[in-house]
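The values are calculated or read from the model by the stated rules, or taken from the named source; none is laboratory data. No experiment lies behind these values; they were computed from the predicted model shown. Using ideal geometry, Cβ is built from the backbone for each residue, glycine included, and neighbour counts are taken over all protein chains shown. To get the accessible areas, we keep the full protein, side chains included, count just its heavy atoms, and leave off ligands, DNA and RNA. Shrake-Rupley method; radii C 1.70, N 1.55, O 1.52, S 1.80 Å.
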Amino acid sequence: MWGCGCRPAGAWEIFGLRCYKHLAPLGLKKRRYKSPLSSMIICLNNGGEFVATHKAGKWTYTDEEFEVMFAEADRRGKEAMKTEITARHAYYDPTTHRLVIELKNGATHSVPCQLIQGLRDADPADIAAVELGLRGASLHWEKLDNDFTVGGLVRSIYGTKKWMERLARENEEAVQAKTAPKRPRVPAAATVTGKRRRKAA
């Protein structure tokens with residue numbers, strides 16, 4: 001990616017600009033740059049032209065491309081918020097051992113805590129410390145380091161794919177245990193041995 005063939009010395013970056021050799025004459029100072037995206041500027045070796053880019057994983061985007069993607073993400077986010085399931089209150093009911101979620105549309109949704117990944121074996125006091133996230137779209141348990149979206153819980157998504165498969169197996173086993181034919185009870189008289197029956201006769 002280094003059109004000029006230059007590479008930075010060590011991990012130094014100049015306000016996110018990588019090519020210090022060519023930018024030093026501009027009076028910029030070395031400074032370590034921290035950002036969620038690894039920003040950089042590529043020296044194209046074509047008369048000192050620099051093109052700002054943003055690197056996310058193995059992909060690199062120009063400023064224009066990044067702005068277009070940001071605007072699209074912002075638009076989709078606003079659209080999603082219109083139909084997003086949100087809550088105005090959430091609390092733990094110790095009498096039923098359920099998590100109760102009061103939605104902003106007036107409905108109330110409750111979930112047995114044993115179904116929710118991370119809450120099954122948790123201390124009731126820790127479950128009761130549930131916090132409602134921004135916009136009421138998520139739930140957070142600080143001590144348990146657990147997070148769920150309100151919409152996910154309402155749609156019966158209680159954990160990872162592996163956890164949901166485990167719940168499905170447990171439910172199937174419970175159904176089979178209830179529907180399995182029971183062995184008939186043998187009358188008490190039929191359990192008496194032949195020897196005792198003859199003696200009694």
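Considering each residue of the stretch 131-143 in turn, none proves to be within 28 Å of R169 (Cβ to Cβ), assigned to a helix (DSSP H, G or I) and either without any contact (Cβ under 8 Å) to a residue 24 or more places away in the chain or touching a His at 6+ places or on another chain (Cβ under 8 Å) (or both).
Please tell me if A125 is farther than 26 Å from T83 by Cβ, small (G, A, S) and touching a Lys or Arg at 6+ places or on another chain (Cβ under 7 Å). Criteria not met by A125.
Scanning the stretch 70-118 for residues that are loosely packed, with under 13 Cβ neighbours inside 10 Å and of a type in the set (A, V, I, L, M) yields a total of 5. Taking the numbered list (1) surrounded by 11 or more Cβ atoms within 10 Å (Cβ to Cβ); (2) farther than 24 Å from S138 by Cα; (3) among the basic types (K, R) in turn, K58 passes all entries but (1). Does E65 satisfy the criteria of being under 20 Å from the mean Cα position of the chain (by Cα), surrounded by 12 or more Cβ atoms within 10 Å (Cβ to Cβ) and among the acidic types (D, E)? No.
Within the stretch 87-130, being in contact (Cβ under 8 Å) with a residue 12 or more places away in the chain, in contact with a Ser or Thr (Cβ under 6 Å, 6 or more places away or on another chain) and of a type outside the set (K, R) holds for one residue alone: E102.
What is the one condition in (1) under 18 Å from the mean Cα position of the chain (by Cα); (2) crowded, with 17+ Cβ neighbours inside 10 Å; (3) of a type in the set (A, V, I, L, M, F, W, C) that L134 does not satisfy? So the condition that L134 fails would be (2). Figure legend. Inter-residue proximity from the stretch 156-176: first residues within 16 Å of P112 (Cα to Cα) and without any contact (Cβ under 8 Å) to a residue 60 or more places away in the chain, second residues open to solvent by 80 Å² or more (accessible area, probe 1.4 Å) and in a helix (DSSP H, G or I), beta-carbon distance below 9 Å, spacing 6+ or different chains. Indicated pairs: G159/R166. The set of residues in the stretch 75-121 that are assigned to a loop (DSSP other than H, G, I, E, B) and over 18 Å from the mean Cα position of the chain (by Cα) comprises P94, T95, T96, H97, K104, N105, G106, A107, D121.
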